[in-house]
Amino acid sequence: MQRRLATGLLLAPAGVWFAVMLVLPLCFVLVASFGEREAAGGFVPAFTFEQYLNLPARGTAFVNTLILAPLGTALALLIAYPLAFYLAMRSSEKWRTTLLILVIVPFWTSILIRSYAWIFILGGQGLPAVIDWLGFGPIRLINTPFAVLTGIVYGYLPLMVLPIYVSLERLDKRLLEASADLGAPPLRGFLQVTLPLSLPGVATGCMLVFILLMGEFLIPAMLGGGKVFFIGNALVDLFLQSRNWAFGSAVAVSLVLIMLVTVTAYMALMRRLGGTRDDVAMM
């Protein structure tokens with residue numbers, strides 16, 4: 001009885017916070033998504049699917065998000081895995097902490113400041129001017145999908161590196177030694193031992209980055225210049241500028257459903273990878 005009471009007291013603050021800050025707002029958004037737009041803004045309670053049937057009106061935002069978010073996640077993974085592998089498996093103990101600090105240095109400054117820096121780099125006086133000077137002709141980089149993709153990969157790369165690093169750092173090095181003793185070349189040892197055992201970290205990093213990118217607003221707004229809209233930009237426009245709360249709620253509910261599918265797939269993958277780790281450990 002005392003143990004249950006102690007558990008309840010420990011979980012009560014988080015439970016109250018979860019209910020007030022997440023469940024209640026989601027319930028309000030769900031109810032509003034079936035309503036109608038009031039003439040002066042806001043919504044009128046009703047029960048209609050009109051807002052959901054109107055989702056194709058924001059189809060560009062969904063298409064941009066569902067293309068650039070997975071692509072940005074994949075590019076972040078391609079950059080993060082070699083870096084995390086070096087930090088966990090090849091770097092010396094003396095410099096490892098310093099290198100890890102350097103990985104998270106971008107988080108020491110606001111994403112707003114970093115985005116302004118990328119506006120200068122990708123603007124007419126930055127990288128395009130260098131490319132033009134080299135004789136490859138004028139090229140436009142800012143306010144393009146490339147600029148947004150560059151910004152999101154740069155902004156969320158540390159969130160991909162750290163889970164992979166933790167997964168690799170916890171890897172039992174004796175498995176690699178046993179693989180080498182059995183005559184396996186380094187590449188085969190990596191593919192059959194290191195990579196499978198690091199997949200939980202890969203899955204965690206991909207989930208973190210993908211979910212955050214699905215709701216991203218600032219980077220597309222600044223580096224896309226209003227030409228590359230994400231779902232987050234559509235929500236800001238609908239709630240704050242158009243004041244169409246009913247339609248904005250329908251878009252938000254659709255985004256939450258995409259998140260739920262992603263989290264469900266992640267949990268299923270983690271259960272499967274748990275079995276894979278056990279199989280590799282017994283080899």
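Read-outs: derived from the displayed coordinates by stated rules, not from any lab. Since the model is a prediction, treat every value here as computed from it, not as a measurement. Cβ coordinates were reconstructed from backbone atoms using ideal geometry, including for glycine residues, and neighbour counts include every protein chain displayed.
Quick rundown of the values:
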item	result
Highest average packing first - 100-107, 122-129, 141-148, Cβ atoms within 10 Å	141-148, 122-129, 100-107
Value of relative contact order over the chain, rounded to a whole percent, pairs C-alpha under 8 Å and six or more apart	28 percent
Label-point separation, Ile211 to Ala6 (7 Å along Cα→Cβ), nm	3.0 nm
When the stretch 201-268 is reduced to its Cα atoms, the Kirkwood hydrodynamic radius in Å	13.0 Å
Label-point separation, Ala74 to Lys227 (7 Å along Cα→Cβ), nm	2.4 nm
Vicinal HN-Hα couplings computed from phi for the stretch 94-102 (Karplus, 6.51 cos²θ - 1.76 cosθ + 1.60; Hz; Gly/Pro x)	5, 9, 4, 4, 4, 5, 5, 4, 4
Karplus 3J(HN,Hα) series, Hz, for the stretch 149-166 with 6.51 cos²θ - 1.76 cosθ + 1.60 (x for Gly, Pro)	4, 4, x, 6, 5, 5, x, 10, 4, x, 6, 8, 5, 5, x, 5, 4, 4
Dipole magnitude of the stretch 144-283, debye to nearest 20 (Cβ charges: Lys/Arg +1, Asp/Glu -1, about Cα centre)	160 debye
Positive-end residue of Met267, Pro138, Leu182, charge dipole of the chain with Cβ unit charges	Leu182
Extension gain from Leu99 to Trp133, taking 0.36 nm per residue of separation minus the Cα-Cα distance	8.8 nm
Built amide H within the under 5 Å cut-off of Glu36, gap 5+	Val44, Ala46
